[in-house]
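Below are the C-alpha cells for one structure; questions will follow.
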Amino acid sequence: MTSDVLGTLTYGMYAIGVKCGEKVSACIVNTVQQVAYGPDVISVSVSHDNYSNECIRKSGLFTVSVLSEDTSGAVIGALGFSSGRDGDKLKNINYRVLAEGVPVVRENICCWFLCKVVGTAETRSHTVFLAEVVAGSDSVKGKPMTYEYYHRVIKGRAPKNAPTFRENKPKKELNSENWVCTICGYVYNDPLVPFEELSDDWICPICGAPKTAFRRASST
Ligand code: FE
C-alpha cells in the first residue's frame, strides 16, 4: 500500500485549548470527529510528544475551536509549529479563557466547544482522547476550514506531530527556484517575486520563521 491511500481520508482544522495549572496553551489538530451522541462524544488524536497531551491528561479538559477558512496561516503557524513548553504560544492570538480555565480562540472561528475527557486509547505515537461535549457556541459562523483547503489554498504542511505527517515529500514538485521553510515545510515559489528579493524581515506565512530559516530546494 502507498501512503497516498491514507491520504484520501478527509479532515478539518481545529485549535485545541488546554491548561496546565494556571498556564494556558493550544495546539492545532486535524483529527476531531464526533463518535457518539446522547451525550455527544468526540475523539481527538494528540501526539505523545505534544505538550497539550500532558495538559489534557492532567486537567481532563480541553476546548475545540473550529477554524474557519478566514483563519490566517500565521495563527495556524503560531499554534501548530512550536511547543507550549518553549513559551507562550497564545501571546499573539486573540483568545479568551473560559470559567473552567481553558482558552478558546476568538478570531475567525466557526464555533467552539468545551470537552471533558471520558476515556483514552493509546497508539505508539498518539493518544486518542474520548471526550464528552459539555458546553459550546450557540451559533456557527463562516465556513469550516478543511485539511484539504489548508494544504491547497494556505499551502500549509503537516507538522511532525500530526498523525498524517509523511516523511517523504514528492521532490518532483520542487525545483531550484523553490525555497523551503526548514521549520514547517512551507514552499515559497512566487514567480513574480524571487525569494532573494524578499526583504530581510520577511517571515514564513505559515510558522513565522525568519527568511534565514529557508533553504533552496534541490532540483530533481
Ligand atoms: Fe514555516
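The values are calculated or read from the model by the stated rules, or taken from the named source; none is laboratory data. This structure is a prediction, so every number in the text was calculated from the model and none was measured. Cβ sites come from the backbone with ideal geometry, for glycine too, and all protein chains shown count toward neighbours.
How many residues does the stretch 181-212 hold that are modelled with pLDDT of 85 or more, within 17 Å of Lys160 (Cα to Cα) and near the ligand (Cβ under 9 Å from one of its atoms)?
1
To continue, here is another question. Against the conditions (1) away from the ligand (no atom under 16 Å from the Cβ); (2) under 21 Å from Val66 (Cα atoms); (3) touching a helix residue (DSSP H, G or I) at 6+ places or on another chain (Cβ under 8 Å), where does Lys141 fall short? Just the number, please.
(3)
Let me ask something else. Going through the stretch 92-106 one residue at a time, which ones are surrounded by fewer than 16 Cβ atoms within 10 Å (Cβ to Cβ) and of a type in the set (Gly, Ala, Ser)?
Scanning the stretch 92-106 gives a single hit, Ala99.
Check the stretch 31-38 and report whether any residue there is within 18 Å of the chain's Cα centre (by Cα), in contact (Cβ under 8 Å) with a residue 40 or more places away in the chain and crowded, with 18+ Cβ neighbours inside 10 Å.
For the stretch 31-38, residues within 18 Å of the chain's Cα centre (by Cα), in contact (Cβ under 8 Å) with a residue 40 or more places away in the chain and crowded, with 18+ Cβ neighbours inside 10 Å: present.
Tell me which residues, restricted to the stretch 184-193, are touching a strand residue (DSSP E or B) at 6+ places or on another chain (Cβ under 9 Å) and either closer than 18 Å to Ala78 by Cβ or in the same structural domain as Lys91 (by TED's automatic domain parsing) (or both).
Tyr186
So Glu196 clears everything in (1) in contact with a helix residue (DSSP H, G or I) (Cβ under 8 Å, 6 or more places away or on another chain); (2) more than 15 Å from Gly73 (Cβ to Cβ); (3) charged (D, E, K, R) except one condition, right? Which one?
(1)
Residue by residue through the stretch 8-20, note down the ones that are loosely packed, with under 10 Cβ neighbours inside 10 Å and out of contact with any helix residue (DSSP H, G or I) (no Cβ under 8 Å at 6 or more places or on another chain). Even if it seems obvious, please write down each step before you answer.
So in the stretch 8-20, the residues loosely packed, with under 10 Cβ neighbours inside 10 Å come out as 8, 10.
Hit for the stretch 8-20 is Thr8, nothing else.
Among (1) within 16 Å of the ligand (Cβ to nearest atom); (2) surrounded by fewer than 21 Cβ atoms within 10 Å (Cβ to Cβ); (3) charged (D, E, K, R), where does Lys89 come up short?
The single condition Lys89 does not satisfy is (2).
State whether one or more residues within the stretch 148-157 are assigned to a strand (DSSP E or B), more than 14 Å from the ligand (Cβ to nearest atom) and aromatic (Phe, Trp, Tyr).
no
From the list Ala162, Ala131, Ala217, which residue is modelled with pLDDT of 90 or more and either polar (S, T, N, Q) or buried (at least 17 other Cβ atoms within 10 Å of the Cβ) (or both)?
Just one listed residue meets the conditions, Ala131.
Can you give me the ranges of the strands (runs of 3 or more DSSP E) entirely in the stretch 71-131 with at least 2 residues that are within 18 Å of the chain's Cα centre (by Cα) and among the β-branched types (Val, Ile, Thr)?
103-105
Oh, and also: Of all residues in the stretch 199-213, how many are under 20 Å from Ser83 (Cα atoms), touching a residue at least 12 places away in the same chain (Cβ under 8 Å) and out of contact with any helix residue (DSSP H, G or I) (no Cβ under 6 Å at 6 or more places or on another chain)? Walk me through how you get there before you give the answer.
Step one: of the stretch 199-213, the residues under 20 Å from Ser83 (Cα atoms) are 203-210, 213.
Applying the additional criterion that residues be touching a residue at least 12 places away in the same chain (Cβ under 8 Å) yields 204-209, 213.
Within this subset, residues satisfying the condition of being out of contact with any helix residue (DSSP H, G or I) (no Cβ under 6 Å at 6 or more places or on another chain) are 204, 209, 213.
Selection size over the stretch 199-213: 3.
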